[in-house]
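Worksheet for the structure shown next.
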Amino acid sequence: MTIALITGASSGIGTVYARRLAARGHDLVLVARATERLNALAGELRSAHGVAIEVITADLTDAAQTEPVAQRLRADPPIDILVNNAGAGLSGGLSHADPVALENLLRLNSLVPTLLTAAVLPGMLERGHGSIVNIASVLALLPEYSHGIYAATKSYVLTMSQSLHAEVVSRGIYVQAVLPVATRTEIYDRMGGDISKVPDVMEVDDLVDAALIGFDRKELVTIPPVPDAADWDAFERARMVLALGFSNSKPAKRYRS
Ligand SMILES: NC(=O)c1ccc[n+]([C@@H]2O[C@H](COP(=O)([O-])OP(=O)(O)OC[C@H]3O[C@@H](n4cnc5c(N)ncnc54)[C@H](OP(=O)(O)O)[C@@H]3O)[C@@H](O)[C@H]2O)c1
């Protein structure tokens, strides 16, 4: 029996991951702030699937509350799947942003997935297997569509996933970055938005089921709404064509006059 730890399991995408992974027979560690919701989900999944469930209440914008989650990731019995899902948005642009809100968003969306990954990796590498799923966003690739720093926090998650994949894939570790499109969850209400104004919203069950198909196929990057995988391959090829220029030790001719 393997164990998955899911951050942000109390609603939305994280709750559906918990339901699907429990249905697959994984024991779970559920993390979020809303203890009652986590306990209710734990009860539901224990009786539906007979799996063992631990609950950790933590505000992941608080370093002291994040540490017990990191400790659980280092402890036994080992965590085989880490789903870095907890995240939030922040309305408004950067020009009038509250510094505390900016720091909290950077911590929750970018720093915490980094620290939790660093906590779980050594054990996974020692065991020679493990999976790390990072929930990014299509906005990682479309920063112009989002004011403020949300897209940048998600670009970070995508870049970290790609670097980590390069570092550990040959040592038995699977890394997946999932890039959801607009998905019907509580995230819009929480940031004072109105989901009814968002066109083409994906249902959360569909999003997670697609992400898990990408997981089973060991995709590095899963973008559920994109119809043709060749489009991502073409995007990656274009990146590598650009990178050919990075090997020049002198500035390009167009910058010499
Ligand atoms: N929905 C979309 O359109 C969409 C699109 C692209 C990417 N995403 C990403 O998907 C992930 C999941 O979001 P969602 O759409 O499922 O939204 P959601 O329903 O609002 O769920 C967010 C989860 O994160 C937890 N969380 C928020 N702040 C936290 C904190 N300070 N400490 C600990 N946990 C915290 C929440 O639990 P508590 O409130 O109980 O702490 C909740 O379980 C996020 O990373 C989000 O950026 C969502």
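The values are calculated or read from the model by the stated rules, or taken from the named source; none is laboratory data. Since this is a predicted model, take the numbers as computed values, not measurements. All Cβ positions, glycine included, derive from the backbone under ideal geometry; neighbour counts span all protein chains shown. Each accessible area value is taken on the protein alone, full model and side chains, heavy atoms only, with ligands, DNA and RNA left out. Shrake-Rupley method; radii C 1.70, N 1.55, O 1.52, S 1.80 Å.
Observations, loosely collected:
- Gaussian network model of the chain, springs between alpha carbon atoms under 10 Å - residue of VAL133, VAL226, VAL55 with greatest fluctuation: VAL226
- Entry note, the chain: relative contact order of 16 percent, from Cα contacts under 8 Å with a spacing of 6+ residues.
- Kirkwood Rh (inverse of mean 1/r, distinct Cα pairs), the range 85-174, angstrom: 14.0 Å
- From phi via Karplus (6.51, -1.76, 1.60), per-residue ³J(HN,Hα) for the range 134-145 in Hz, x at Gly/Pro: 10, 8, 9, 5, 4, 5, 4, 9, 9, x, 5, 8
- Counting only protein heavy atoms and a 1.4 Å probe, the chain has 52 square angstrom of accessible area per residue.
- With the convex hull drawn around the C-alpha atoms of the range 3-230, the volume per residue stands at 123 Å³.
- Amide H partners (placed H, <5 Å) of GLY148, local residues excluded: LEU94
- Accessible surface ranking for HIS165, HIS26, HIS147, 1.4 angstrom probe, highest first: HIS147, HIS165, HIS26.
- Probe 1.4 Å, all protein chains present, accessible-area order of ASP233, ASP189, largest first: ASP189, ASP233
- Phi-based couplings in Hz for the range 239-256 (Karplus 6.51, -1.76, 1.60; Gly and Pro marked x): 5, 5, 5, 4, 5, 4, x, 5, 8, 6, 8, 10, x, 4, 3, 5, 9, 9
- Alpha-carbon centroids, the range 203-257 and the range 76-148: separation in whole Å: 19 Å
- Highest average first, the peptides 205-216, 3-14, 90-101 ordered by how many other beta carbon atoms sit within 10 Å of their residues are 3-14, 205-216, 90-101.
- Helix-only CD estimate at 222 nm, as mean residue ellipticity for the chain, using -39500 (n - 2.57) per DSSP H run (n ≥ 4): -14000 deg cm²/dmol
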